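Report on the following structure.
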Amino acid sequence: MLIHVGFGEEGDFYSLLKEVPDLKLILAHAGFPVYRETWARIKDNKHVFVDLSQTTYVGESITRQVVEYLGVDRCLFGTDGPFGFYASDKKFDYGFIKRRLERLFPDKGVQKRLLGENFAELAGIKATP
């Protein structure tokens, strides 16, 4: 399940995790709006992931920080299309975040994890070599 966290009581996903402790949960936009507080609360819950989508809420600094804090295995590529970054032709650029991740994390193994292997494992799909 993918959710937007939100603010205050409206953003309380912790009660959901208490009711369904094995739920595989993805928090959109690296846990926006209270990134570090959210990361600290989910650090020990291996069923909760973050996506790295959006260009307004998830810049390069937040992307680096969340991957370092939670680890590469808990972070997933996402585009948030058609919202976010547009190319010069005024069409949504689905490759912008992919290129950002490739630039920020030049290690090919890290790229493979972020760009697909993590999601495949989360979905129970065996990744092909």
**OP:** Report whether or not residue 49 is surrounded by fewer than 17 Cβ atoms within 10 Å (Cβ to Cβ) and in contact with a Phe, Trp or Tyr (Cβ under 9 Å, 6 or more places away or on another chain).
**Re:** no
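Condition check ((1) assigned to a helix (DSSP H, G or I); (2) among the charged types (D, E, K, R); (3) within 21 Å of residue 2 (Cα to Cα)) across all residues:
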site: 18; (1), (2), (3): yes, yes, yes
site: 46; (1), (2), (3): no, yes, yes
site: 67; (1), (2), (3): yes, no, yes
site: 78; (1), (2), (3): no, no, yes
**OP:** Mind counting the residues in the range 84-99 that are in contact (Cβ under 8 Å) with a residue 24 or more places away in the chain and either touching a strand residue (DSSP E or B) at 6+ places or on another chain (Cβ under 8 Å) or over 21 Å from residue 33 (Cα atoms) (or both)?
**Re:** 3
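Let's see how each residue does on (1) in contact with a Lys or Arg (Cβ under 8 Å, 6 or more places away or on another chain); (2) small (Gly, Ala, Ser); (3) at pLDDT 95 or above; (4) exposed (fewer than 13 other Cβ atoms within 10 Å of the Cβ):
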{"residue": "86", "(1), (2), (3), (4)": "no, no, no, no"}
{"residue": "91", "(1), (2), (3), (4)": "no, no, no, yes"}
{"residue": "94", "(1), (2), (3), (4)": "no, no, no, no"}
{"residue": "109", "(1), (2), (3), (4)": "no, yes, yes, yes"}
Original post:
Do we find a residue being at pLDDT 95 or above, surrounded by 21 or more Cβ atoms within 10 Å (Cβ to Cβ), acidic (Asp, Glu) and in contact with a helix residue (DSSP H, G or I) (Cβ under 7 Å, 6 or more places away or on another chain) anywhere in the range 67-84?
Top reply: no
Subject >> Subset of the range 1-45 [surrounded by 12 or more Cβ atoms within 10 Å (Cβ to Cβ), of a type outside the set (A, V, I, L, M, F, W, C) and under 16 Å from the mean Cα position of the chain (by Cα)] >> reply: 4, 6, 24, 29, 31, 33, 35, 36, 38, 41, 43, 45
Original post:
Can you name every residue in the range 100-129 that is in a helix (DSSP H, G or I) and more than 21 Å from residue 25 (Cβ to Cβ)?
Top reply: 100, 101, 102, 103, 104, 108, 109, 110, 111, 112
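The values are calculated or read from the model by the stated rules, or taken from the named source; none is laboratory data. Predicted model only: the values in this text are computed from it and were never measured. Virtual Cβ from ideal backbone geometry, glycine too; neighbours counted across all protein chains shown.
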